[in-house]
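Please treat every number below as a calculation from the coordinates, not as lab data. All of these numbers come straight from a predicted model, not from anything done at the bench. Using ideal geometry, Cβ is built from the backbone for each residue, glycine included, and neighbour counts are taken over all protein chains shown.
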Amino acid sequence: MWRYPKPRKQDDVSEAHSGTTVEDPYRWMEEPDSDETKQFVTEQNAISQPFLSGNPVREKFHKRMMEVYNYPKYGAPFKRGNRYYYYYNTGLQNQSVLYTQKSLSDDATIFLDPNTFSEDGTVSLGTSAFSEDGELFAYAISQSGSDWQTIKVRDVKTGEDLNDELKMVKFSGIAWTHDGKGFFYQRYPDEASGCDGSETTKLENHMMCYHYLHTAQSTDLICCKFPEHPDWLLSGDVTDDGCYLIVKVYRGAEPKNHLYYYNLSSGGVKSSIPLTTIVDEFEASYDVMSNDGPIFTILTNFQASRYCLKTVDLLQPSKVNWKTLVAERDKDVLEEAIAVNNNQLILIYLRDVKNVMELHQLETGQLLDTFPIGTGTIAQLSGKRRQSEVFYLFQSFLTAGEVYHCDLTASPLSSTLFRSIEVKGFISSDYTTEQVFYTTNDGASIPMFIVHRKGISFDGTNPCLLYGYGGFNISIMPRFSTSRLLFMQHFNGIFALANIRGGGEYGEAWHQAGMFEKKQNVFDDFHCAAEYLIAKQYTSDNRLAIQGGSNGGLLVCTCANQRPELYQCVISQVGVLDMLRFHKFTIGSAWTTEFGNPDKEEDFKYIYKYSPLHNIPTSGRYPAILLLTGDHDDRVVPLHSLKFIATIQDQLGQQATNPLMIRVDVKSGHGAGKPTSKLIDEMADIYSFIASTLNITWQD
């Protein structure tokens, strides 16, 4: 029996939704800076921290993570101006360092070291971009994992920063004009001044600005905004020839956008840029890949669920005049396209959740060759229209990283292993990966990867960690994970990744099959994955842990509510758990394009049925649960996890034999930029919790 805190319950806080009255007794937790909320967090950590650190597995796991994670980590090199750059981490550095070299055979030197930004590594590097000539470098920094960023500019020759400093920047790119005088970026209005990521205020009026170097931010030009649509988000880019500004407008997180352009070569940069419309309907995704004068090549899912390439003549922009350059395929999803070597395209496809990379002719779309890659993921790809070489980083569940270099002028096409990333003591041949396809309730075939040591017995006794996401058109790909490796190595564990509907693994139709009123498909797919693993005796219900983050946190908490008997342990990281109020905080309104709007009667009916906060059982067995959140998570704000843990402890705490806990990290956000030290601490806590609740012991 656990003694949980007894936070104050407000009996007079409720809302009426379509004739249904919904109580909200812990709404005061939506004030993150109140003394009462801070006290509640302190009381929760006072329970979870001793439990997590009390298991001897925690110290052993942490020590092994420090040993095994201490391997060199290289990113794919890229060329800007007349120099090469790449990111490199010696092993346990909190942040990866940006290195530079004149040629691939020269010694590299440090160009920018984010570890110097703060002593504890909680200030990280965000978005960045070099000017066209490679002489200037604009980069953004983020503090404590917040989405808020501050943009600075560095002189490449001197290595010194200019005085330029841009704040109130969020969800922004950096797009230099080719004259090197400045760049476009996105920010929020001055009212956002002072925000640090701990606030919950709803964000509105995203706008695109242009910053001239050596000027104050207060003089920046406001080039584009849509005040009549305060929830819209903007992004901008400059074409490879420097002639056009491309503006995309989103109304949420859906893969649909408006597409506009502005002729920089004739109009110059100015306030309130007169945009010309290419597409002004939210019906599909449109992304400009390259251009030859007014002929644009666009990656789109318009009338092509699995994406294709179209060419658009700006002189005749109507869709009836669009031409198909590379047609949609029957099964493969076209994920990425970049123009290289002047007249060629590299296309990355997703085929049954494994990448395929091809070289095509830009003018005709003709397939020229296929890159020889293994079964896994192209984690990074670098190349430019006017460059004749590319680099790419390959990863898989059992491959930490292989960096390849390809000279596109060579015939026949060949890729050379440039760097191999080795993990000390890890022998990949001791492990195996299989992909299975299981059938869900409505007959859909769902792919799932299963990874484990060779030679283990399938007798139902193995601990298993099942991971899922299922949303926002995001594909969850095979990637290397040190913590999962240790789970397999020292717990004799099995890792399973279910590529459930709602993601992008099979295109937009797969995504749409798991959103809005069809969201239950996502949970059913995950339940069926668990049932498959148990039926095939990979594991059993008392040895099964499930894990997910963000939308995946919503997934695992909903599954725990719906089928508590099926799972023994639940790890929910930065989860969206209050589905009736998610749209009222920071950027949450953008997710109504995925979940629906709970303020609308037709949407409320299906959202309320699965909202984790509002469907916690009031009695019976419940799996052990560990929620994780960060005090500077300004994407999925901590109130989701705080209200959920308070409710579940109140309703089940007196009878639950399994621990119901939360871990609230300080100076931590949604996940991006998390320093290595915090990452290792978090993994040690997670696997300590899994070991405790699955009743498994450490094996040397």
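Amide H to amide H, with H built 1.01 Å from N, Phe111 comes under 5 Å of Leu98, Tyr99, Thr100, counting only residues 5 or more places away or on other chains.
Extending 7 Å from the Cα toward the beta-carbon at both Asp161 and Gln366 defines two label points whose distance is 5.1 nm. Computed from the Kirkwood radius of its Cα pairs, the Stokes-Einstein diffusion coefficient for region 332-424 at 25 °C and 0.890 mPa s stands at 182 µm²/s. Backbone amide hydrogens, once placed in the peptide plane, bring Val570 within less than 5 Å of Ile546, Ala624, Ile625, Leu626, excluding anything fewer than 5 places away on its chain.
Distances between placed amide hydrogens fall under 5 Å for Gln380 paired with Leu393, all partners being 5 or more residues away or on another chain.
Need the full-extension length gain, Ser619 to Val436, defined as separation in residues times 0.36 nm minus the C-alpha distance. One decimal, nm.
Working: separation 183, 0.36 × 183 = 65.88 nm, distance 3.55 nm.
So the chain would gain 62.3 nm between Ser619 and Val436.
Remark: for residue pairs Lys9/Lys667; Lys354/Lys454; Lys518/Lys605; Lys6/Lys643; Lys424/Lys674, the C-alpha separation exceeds 19 Å in Lys9/Lys667; Lys354/Lys454; Lys424/Lys674.
Please work out how much length the chain gains when fully extended from Thr201 to Glu601, using 0.36 nm per residue of separation minus the C-alpha to C-alpha distance, in nm with one decimal. Provide the component values of the computation, followed by the final result.
On the way: separation 400, 0.36 × 400 = 144.00 nm, distance 2.47 nm.
Using 0.36 nm per residue and subtracting the Cα-Cα distance, I get 141.5 nm.
Within the straight-line cut-off of under 27 Å between alpha carbons, the lysines reachable from Lys181 are Lys79, Lys102, Lys152, Lys157, Lys167, Lys170, Lys225, Lys248, Lys270, Lys384, sequence neighbours fewer than 8 places apart in one chain being disregarded.
3J(HN,Hα) couplings calculated from phi for region 578-595 with the Karplus curve 6.51 cos²θ - 1.76 cosθ + 1.60 (θ = phi - 60°) are, in sequence order, 9, 7, 9, 9, 4, 7, 9, 10, 6, 9, x, 4, 5, 8, 5, 6, 9, 9 Hz; Gly and Pro show x.
Please order His178, His206, His229, His360 by the number of other Cβ within 10 Å, starting at the fewest. Write down the numbers at each step before the final one.
On the way: His178 16, His206 25, His229 13, His360 19.
The most exposed by this proxy come first: His229, His178, His360, His206.
Taking the fewest neighbouring Cβ atoms within 10 Å as the starting point, the ordered list for Ile616, Ile246 is Ile616, Ile246. The phi torsions of region 331-337, fed into the Karplus equation with coefficients 6.51, -1.76 and 1.60 and a -60° offset, translate into couplings of 10, 5, 9, 7, 8, 8, 9 Hz, rounded to whole numbers, with Gly and Pro shown as x.
Here each label is just a point 7 Å from Cα along the line to Cβ, and for Asn342 and Asn542 those points are 7.0 nm apart. Just so you know, the Cα atoms of the chain work out to an Rg and Dmax of 25.2, 75 Å.
Please work out whether region 543-684 counts as rounded, prolate or oblate from its C-alpha gyration tensor, where a ≥ b ≥ c are the square roots of the eigenvalues and a/c under 1.5 means rounded, while otherwise a/b larger than b/c means prolate and anything else oblate? Please list the in-between numbers first.
On the way: a/c = 1.84, a/b = 1.02, b/c = 1.80.
It comes out oblate by the Cα gyration axes.
With R₀ set to 45 Å, the beta-carbon distance separating Lys319 from Arg3 gives a calculated FRET efficiency near 0.10. Among Arg351, Arg83, sorting on how many other beta-carbon atoms sit within 10 Å of each Cβ, with the fewest leading, yields Arg351, Arg83. If the segment from Ser414 to Ala672 were pulled out straight at 0.36 nm per residue, it would be longer than the present Cα-Cα gap by 89.4 nm. Out of all DSSP beta bridges in the chain, what portion is antiparallel? Express it as a percent rounded to 5. In the chain, approximately 85 percent of DSSP beta bridges are antiparallel ones. The relative contact order of the chain, computed from alpha carbon pairs under 8 Å that lie at least 6 residues apart in sequence, is 13 percent. Projecting label points 7 angstrom from Cα along Cα→Cβ for Gln387 and Asn82 puts them 1.7 nm apart. The string of couplings for region 15-22 from the Karplus curve (6.51, -1.76, 1.60, θ = phi - 60°) is 9, 9, 10, 6, x, 9, 8, 10 Hz, one whole number per residue in order, with x for Gly and Pro.
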